Each structure stands twice: as C-alpha cells, then as structure tokens.
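The structure appears below as structure tokens.
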Amino acid sequence: MAIPTEPIGSIPRPAALIETIIAFHNKKVSNEALEEANAGALRDTIQRFEQTGSPIITDGEQTKPSFATYPLAGLTNLAPDGVEIPFADGHVRQLPRLTAGPFRYGVHAASYLKAARPYTRSPIKQAVISASALSLLYPSTGIPCYPREEFLADLIDEAAADIRGALQAGADSVQIDFTEARLSLKLDPSAGLLRSFIAINNQVLERFTSEERLRIGVHVCPGGDQDSTHSADVDYSKLLPDLFQLNVGRFYLQMASEPDRKRTLQLVNQLLQPDQTIFIGVIDPIDPKVETPVQVRDRVLEAASILPMAQLGTTDDCGFAPFADDTSTARDTAFSKIQARVEGTALASHELGIA
C-alpha cells in the first residue's frame, strides 16, 4: 500500500472572490452575488485539487473568513479587541473578545463539507479549529454572570459537536487546527499554558470512541500568514512530548521548513504510538519556490528511514492562505506545490517498493 498523502487545508482565494467579498462588506454587491462568487471559487478549487491527483481533497477553506474564526460568523456577543497574535515580520492578527454568555458556534464545519459534496466524489478532509484556540476568546477579566468554567463547558460541547457533525456529514477525516500549540510555549515557556490547551482538547476528544479518534487528527506548525510565522523560533522538541498526549489517531506535523528534520523525526519516532499515523510536512507553503517531485521524494525517504513506513504519511507544512485576505502565495503556486507533494510521495512509495 502506497504512502498516504493529504492536504492541510486552505488555498489562496481567487482574486474575483476577494474583490467580491470586499465589495460586499462595502455594500456594493448583493448577498446573492457573494454566494455566486463563493460557489464559483469552491467549484474551481475542487476541480483543480482533483487535477493534482490528490487522493484526499479539501474545499480549500474558500468561504471561511479564517481557519480560526469561522464558528464566530453571525455572533453578536463579541468585541474586536481580543488577544493579539504577533508575527515575525511585524504584522498582527487579533481575535475577538467574548462579551457575554452563553457561547455558541454561529457556523459549524459540516456546512462547508455539505457545500463541497455536490462538486466531487473524492474523499473530503474537513478542518476544524481547536477548542483551545477559541478558549482565548474569554477575557482575563471575566464576564459577569458567566464564569470561565461555564464558558469552557459550553465551548467543549460546541467543539465536540463541530467534529461530530463533520464525521456524520461524511468527512473522510477531521483535522483539528492547533497552531497555537507552539505559540503557547513562546507566551509561557514553562509549558503550563500548552498543557492547559491539551487538557481542553482532550476533554473534547473524550466524547469520541477509539475508532472515531483514528479518523481525527491534529495539525501543528509555527503559524503561516503573509509569508511569516509566529513561533518558528520555538524549539520543536519542547512541544512534541506534550503534543503526543493528545488522544488522536493522526498527527499532521510541519517538517519541510524545520532546520533539523532528522533530530525532530527521531524524537517523533520515540513518541509515536502503534495506533497513530504521522503525516510529515514535505511542502513549505511560505517558500515561493515550487518543490520538485524529486525533492519531495527525498524528504519522504528521509522520514521513512526513521519512522515506521506503515505509520507514515505526507502533507503540507501549513495551509497556503489560512486567512481570507492572505494573497502572499499565488493560487497557481499552491496547486503546483500540492501536485509536487502527490508526485513526490508516489516516487518515494515506488522506490520503497510499496507503490
């Protein structure tokens, strides 16, 4: 059986969609025009995904405002002045702040899956945001009549329903985006914040059977937005031992851009459990140069020399445009990189005699 390969998620939006979104927010086009642009982008993304030969596809997160904030669409109990996430190039992303309870999702991920299904028969992977990321919405000063404990109980219910809904809607697998994991070690080098995040996520995962958790994975990376990162300077070795305490069956690990891959792969091999699959990043979305299939092959062979082949898969380091306004990577470049991942993984499988 060949080495499996899966995408992480987001693809740069077509220019026409971005222009329509801006026009919609400026009240220059109708909701119907926005829906038409969304449908066109989704249809084109799926068609181009399939042309790469990728055995698993995503919807490219074409209609999400961002990978992190999609559940907040339509909510009225938010203020804009939440937690700030600084990136190495100086730009900042800011989360909203919850102003009142109860906390409920405005949108669940299954809606994206259902919108994509009419356009393809290919298996679809669905990305969801972690409960730990959304826990940052709750202000440090608290909310009157809505204690943090009550908020976390509501959050865990909603996050579990988000995953459950995606599985029930037919997702081939569900990927929990946990990009704040590495960042948490920058904010709190003692790892106390990281461990609290893992505890929150494990409370969500407890709602699922061991068989269901084999289809649930977690993605970590140093953040990727506008060709910059928020935590690449945090040593991976400080994250991985705690990360592998998560009760998931799949780990999607940024690795192509890691400066010392061999050392990190050796640590992963020590932590890996028999019922887990490791999808190693072999594509760097931030690097404007498109990898060749041979380069990808060599990265796969490097990983296969250290990790059990039966538990090895490949992926991209990160999404190509996790925020809707990120145009730093060209759409054609993203699909060329995905095709290189698919072809390079196939070359490695052939060389290893498992094609």
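Name every residue in segment 79-111 that is within 23 Å of Ile216 (Cβ to Cβ) and touching a strand residue (DSSP E or B) at 6+ places or on another chain (Cβ under 7 Å), in order of residue number. Give the steps one after another, and end with the answer.
Initial filter on segment 79-111 (within 23 Å of Ile216 (Cβ to Cβ)): 103-111.
Matches in segment 79-111: Ala109 only.
Within the group Ala330, Ala321, which residue is at pLDDT below 95, open to solvent by 50 Å² or more (accessible area, probe 1.4 Å) and of a type outside the set (Phe, Trp, Tyr)? I'd like the intermediate steps shown before the answer.
Working: Ala321 fails: open to solvent by 50 Å² or more (accessible area, probe 1.4 Å).
When all the criteria are applied, what remains is Ala330.
What pairs come up if the first residue lies in segment 151-176 and is at positive phi, the second is open to solvent by 20 Å² or more (accessible area, probe 1.4 Å) and assigned to a helix (DSSP H, G or I), and their beta carbons are under 9 Å apart, counting only those six or more places apart or on different chains?
Cβ pairs passing all conditions: Gly170/Lys114; Gly170/Arg117.
Quick check on my filter: what residues within segment 233-255 are aliphatic (A, V, I, L, M) and under 22 Å from Arg341 (Cα atoms)? Reasoning before the result, please.
If we filter segment 233-255 for residues that are aliphatic (A, V, I, L, M), which is where we start, we get 234, 239-240, 243, 246, 248, 253, 255.
Result: Leu253, Met255.
What residue, of Ile56, Ile22, Ile46, Ile18, is under 17 Å from the mean Cα position of the chain (by Cα), β-branched (Val, Ile, Thr) and on the phi < 0 side of the Ramachandran plot? Steps first, answer last, please.
Numbers: Ile22 fails: under 17 Å from the mean Cα position of the chain (by Cα); Ile46 fails: under 17 Å from the mean Cα position of the chain (by Cα); Ile18 fails: under 17 Å from the mean Cα position of the chain (by Cα).
Exactly one residue qualifies, and that residue is Ile56.
Do any helices (runs of 4 or more DSSP H) entirely within segment 68-184 hold 1 or more residues that are open to solvent by 40 Å² or more (accessible area, probe 1.4 Å) and modelled with pLDDT of 95 or more, and if so, which?
Values: elements: 110-116, 131-134, 148-168.
The qualifying helices (runs of 4 or more DSSP H) are 110-116, 148-168.
Based on this model, can you work out whether Asp242 counts as part of a helix (DSSP H, G or I), among the acidic types (Asp, Glu) and free of Cβ contacts under 8 Å to residues at least 40 places away in the same chain? First the steps, then the outcome.
Values: part of a helix (DSSP H, G or I): yes; among the acidic types (Asp, Glu): yes; free of Cβ contacts under 8 Å to residues at least 40 places away in the same chain: no.
In short, no.
Got a sec? Which strands (runs of 3 or more DSSP E) wholly within segment 245-355 have at least 2 residues that are touching a residue at least 60 places away in the same chain (Cβ under 8 Å) and of a type in the set (S, T, N, Q)? Don't jump to the end; show me each part of the working.
Details: elements: 250-253, 277-283, 312-316.
So the answer is 312-316.
With respect to Ser30, determine if the residue is hydroxyl-bearing (Ser, Thr, Tyr) and surrounded by 14 or more Cβ atoms within 10 Å (Cβ to Cβ).
Taking the combined requirement at face value, the residue does not satisfy it.
In this structure, is Glu258 more than 19 Å from the chain's Cα centre (by Cα) and not polar (S, T, N, Q)? Walk me through it before giving the result.
Working: more than 19 Å from the chain's Cα centre (by Cα): no; not polar (S, T, N, Q): yes.
In short, no.
When the residues of segment 252-284 are narrowed to those that are open to solvent by 40 Å² or more (accessible area, probe 1.4 Å) and of a type in the set (D, E, K, R), which ends up nearest to Ile176 (Cα to Cα)?
So, considering only residues that are open to solvent by 40 Å² or more (accessible area, probe 1.4 Å) and of a type in the set (D, E, K, R), the one nearest to Ile176 (Cα to Cα) is Asp275.
Could you tell me which numbered condition Thr209 fails, if it satisfies all but one of (1) without any contact (Cβ under 8 Å) to a residue 60 or more places away in the chain; (2) of a type in the set (Ser, Thr, Tyr); (3) under 17 Å from Ser10 (Cβ atoms)?
(3)
The values are calculated or read from the model by the stated rules, or taken from the named source; none is laboratory data. Everything numeric here is computed off the predicted structure, so don't read it as measured data. A quick note on method: Cβ atoms are made from the backbone with ideal geometry, for glycine too, and the neighbour counts reach across all protein chains shown. These accessible areas exclude ligands, DNA and RNA; they are computed on the full protein's heavy atoms, side chains included. Shrake-Rupley method; radii C 1.70, N 1.55, O 1.52, S 1.80 Å.
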